[in-house]
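Any read-out appearing in this document is the output of simple, stated calculations on the displayed coordinates, not a laboratory observation. Not measured: the values here are computed from a predicted model.
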Amino acid sequence: MTVTKKIKTTAAVFELPQKLGILQYVEYEPPPREWCTDGCLYEGLLSAEGCRKGVCVRYRVWVHSRDRRRWEAKEK
């Protein structure tokens, strides 16, 4: 059994936390290489939490990405 390491990176998914200067983090596990023959779909949990300028935000949203640069919220 191999243990996969979770990766935590910053992302810019939602505009409000970005305007307020609150960092958004995506935590994901990279899929096994054998699943990536025609490109990978990365999935993870985005979280942004904090207060700035009297505005508080708290996001926890499932997101996905093909290139790990542009993350998008998943639709239900």
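Values as computed for the structure displayed
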| quantity | calculated |
| --- | --- |
| Max mean-square fluctuation residue, GNM over the chain, Cα-Cα springs under 10 Å, options 66, 52, 33 | 33 |
| Hydrodynamic radius by Kirkwood, which averages 1/r over all alpha carbon pairs of the chain, in angstrom | 13.4 |
| Total lysine pairs whose alpha carbons fall under 24 Å of each other in the chain (8 or more apart, or interchain) | 8 |
